[in-house]
There are 2 protein chains.
Amino acid sequence: MDQYKVIEVKESVFASNDADAERLRQELKGDKTFLLNLMSSPGAGKTTLLKKTIEALRGDLAMGVMEADIDSDVDAAAISETGVRSIQLHTGGMCHLDADMTRQGLREFGAQDLDLVVLENVGNLVCPAEFDTGAVKNAMILSVPEGHDKPLKYPLIFQVCDVLVISKTDVLPYFDFDMEKVTEYAHMRNPNLKIFPVSAKTGEGMDAWCNWLREEVAEWKCV
Amino acid sequence: MDQYKVIEVKESVFASNDADAERLRQELKGDKTFLLNLMSSPGAGKTTLLKKTIEALRGDLAMGVMEADIDSDVDAAAISETGVRSIQLHTGGMCHLDADMTRQGLREFGAQDLDLVVLENVGNLVCPAEFDTGAVKNAMILSVPEGHDKPLKYPLIFQVCDVLVISKTDVLPYFDFDMEKVTEYAHMRNPNLKIFPVSAKTGEGMDAWCNWLREEVAEWKCV
């Protein structure tokens, strides 16, 4: 399958997004589908990391990708080239997705037969972190060119994430990026945050990240 | 002066932000103060570009910098090292500044004796673009590592900006960034957008950007 739909998702009618997100997680549990919410700044490399992750997990897991964006379908187009199921969600100008918007996407998408669905959230370190999408786990990408001070400036997203992928590590020699400092600052925000330095370009670190995903999906399907 | 205040700004009580932004521009005109609203993704290099711009313009213009952030003062601390007047605005979790929040900052700051005030907006390509801050001109930075597809994905910010600074051009050899494509995509959004490729690290392109600023400030003060 190499096509993708574009869906205009509408803001939730539910008063409590948190309760709705919990409901969505239970629905996903029933379907044995693991939903990962992937967040980052624009240009941190979400789509590139996803393409490499799809390659690495292709034999093991049935995967799908939901791309959320204000307005465009360049990401869904890129993902559809990999052959996995993909869909483009348009947020109508909004810079986040809530649980019901995510559910609308999942419904159109048809996710029940998938082991792993990745929601590529809108590129933004602020708003997406404020809304529980109903995902089983939250991951964020911080790219080396963005700098190691980001946990100081965008505390919430580091607090709500389970995993921090530090991307574009192949360009470390060209930037003043301090891996020890970013680890210290990120763990100040969230001592349980797992950190995976990764270069999608060279493949360095991809195994650890993909193994974490495999284990989390296996645990979600079994328990 | 090497100190800076931290101000918690509150959302506007005005029904029409657009009308209030126009009022603020008239107030700035009366004071002969040019306000530049500078926007970008997190980590695109706003603060670094500003520090170099301050160095370049130090002899010519009385400058000040207002740093807006969700929660932190690392940027104001960095700017205050340059010796120009600086202030940190906290938005209380909000990812944008409106005209009245900007005015609150300007009042605390004391800007009447300054030729040029730069408002470093919250790092975000979505929300800040939706609110007129009252600035005389809007500029945005897109850094080379973010990729040349951003005008396709974040149309509004390219539409509302007068200037696009393409930063970190020194790392062009290490990224698949197509300068012709970004120019084409950006001009699709806004045919009048001025584009300045700049490396704050090597200084390349800084003259053209600083000259544009000098000319705009001079025009604002004279007409």
Inset, instruction - From other protein chains only, count the Cβ atoms within 10 Å of every residue's Cβ in A:39-48, then give the mean. - result: 6
Inset, instruction - Output the pairs from A:LYS137/B:LYS46; A:LYS153/B:LYS153; A:LYS221/B:LYS153; A:LYS51/B:LYS51; A:LYS32/A:LYS194; A:LYS52/A:LYS150 with a Cα-Cα distance over 27 Å in this structure; if there are none, say none. - result: A:LYS137/B:LYS46; A:LYS221/B:LYS153; A:LYS51/B:LYS51
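If you wrap a convex hull around the C-alpha atoms of segment B:66-223 and split its volume per residue, what is the figure in Å³? Spell out each step's value before the answer.
On the way: hull volume 20.2 nm³, N = 158.
About 128 Å³ per residue, rounded to a whole number.
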Legend entry - Highest-MSF residue in chain A out of A:PHE109, A:PHE196, A:PHE175 [GNM, Cα springs under 10 Å]: A:PHE175
Inset, instruction - Take the Cβ-Cβ distance between A:LYS29 and A:MET188 as r, set R0 to 22 Å, and report the resulting FRET efficiency rounded to the nearest 0.05. - result: 0.10
Inset, instruction - Could you tell me the accessible area of B:THR202 in Å² (1.4 Å probe, neighbours in place), rounded to the nearest ten? - result: 90 Å²
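If DNA, RNA and ligands are ignored and the probe is 1.4 Å, what is the ranking of B:SER72, B:SER16 by accessible area, most exposed first? All intermediate terms of the calculation are to be shown ahead of the outcome.
Values: B:SER72 15, B:SER16 55 Å².
Accessible-area ranking of B:SER72, B:SER16, largest first: B:SER16, B:SER72.
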Inset, instruction - With a point put 7 Å past each Cα toward its Cβ, work out how far B:GLU8 is from B:GLU22 in nm, to one decimal. - result: 3.4 nm
Inset, instruction - Give me the angle, in degrees from 0 to 90, between the Cα long axis of helix A:46-57 and the longest principal axis of the Cα atoms of chain A, rounded to the nearest 10. - result: 80 degrees
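Hey, could you get me the Stokes-Einstein D for segment A:13-68, Kirkwood radius over alpha-carbon pairs, 20 °C and 1.002 mPa s, rounded to whole µm² s⁻¹? Don't jump to the answer; show the numbers that get you there.
Values: Rh = 13.6 Å.
Rounded, D is 158 µm²/s.
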Inset, instruction - With everything on Cα atoms, drop me the angle between helix B:179-189 and the longest principal axis of chain B, reported from 0 to 90° to the nearest 10. - result: 50 degrees
Inset, instruction - Specify the residue with the greatest mean-square fluctuation among B:VAL182, B:VAL163, B:VAL74, computed from a Gaussian network of chain B linking alpha-carbon atoms under 10 Å apart. - result: B:VAL74
Legend entry - Net charge contributed by nearby residues that have their C-beta within less than 14 Å of A:LEU172 (K/R +1, D/E -1): -3
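Please figure out what share of the DSSP beta bridges in the protein assembly as shown is antiparallel and state it in percent, rounded to the nearest 5.
On the way: 0 of 70 bridges.
Around 0 percent antiparallel, to the nearest 5.
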Legend entry - Using alpha carbons only: equivalent-ellipsoid semi-axes of the protein assembly as shown, gyration tensor based, whole Å: 38, 23, 20
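Taking the Cβ of B:PHE34 as the center, what net charge do the other residues with Cβ under 14 Å away carry, scoring Lys and Arg +1 and Asp and Glu -1? Can you show the working numbers first?
Values: positive: B:ARG25, B:LYS29, B:LYS32, B:LYS137, B:ARG214, B:LYS221; negative: B:GLU27, B:ASP31, B:ASP60, B:ASP113, B:ASP115, B:ASP162, B:GLU215, B:GLU216, B:GLU219.
Summing Lys/Arg as +1 and Asp/Glu as -1 gives -3.
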Inset, instruction - Which order do the peptides B:114-126, B:148-160 take when ranked by the mean count of other beta-carbon atoms within 10 Å per residue, highest first? - result: B:114-126, B:148-160
Legend entry - Selected from B:ALA208, B:ALA135, B:ALA200 as most flexible by GNM, with chain B as the system and alpha-carbon contacts under 10 Å: B:ALA208
Inset, instruction - Keeping the other protein chains in place, figure out the carbon and sulfur percent of the accessible area of chain B, with a 1.4 Å probe. - result: 49 percent
Inset, instruction - Measure nothing fancy, just the Cα-based angle from helix B:206-222's long axis to the longest principal axis of chain B, in degrees from 0 to 90, nearest 10. - result: 40 degrees
Legend entry - Average beta-carbon neighbours from other chains, 10 Å sphere, peptide A:142-155: 6
Inset, instruction - Run the numbers on segment A:1-142 and let me know its relative contact order in percent, using alpha-carbon pairs under 8 Å that are six or more apart. - result: 44 percent
Inset, instruction - Could you tell me the accessible area of B:MET188 in Å² (1.4 Å probe, neighbours in place), rounded to the nearest ten? - result: 110 Å²
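The values are calculated or read from the model by the stated rules, or taken from the named source; none is laboratory data. These figures come from a predicted structure and were not determined experimentally. Glycine also receives a Cβ, built like all others from the backbone with ideal geometry; neighbour counts cover every protein chain displayed. Accessible surface areas use protein heavy atoms only, side chains included; no ligands, DNA or RNA. Shrake-Rupley method; radii C 1.70, N 1.55, O 1.52, S 1.80 Å.
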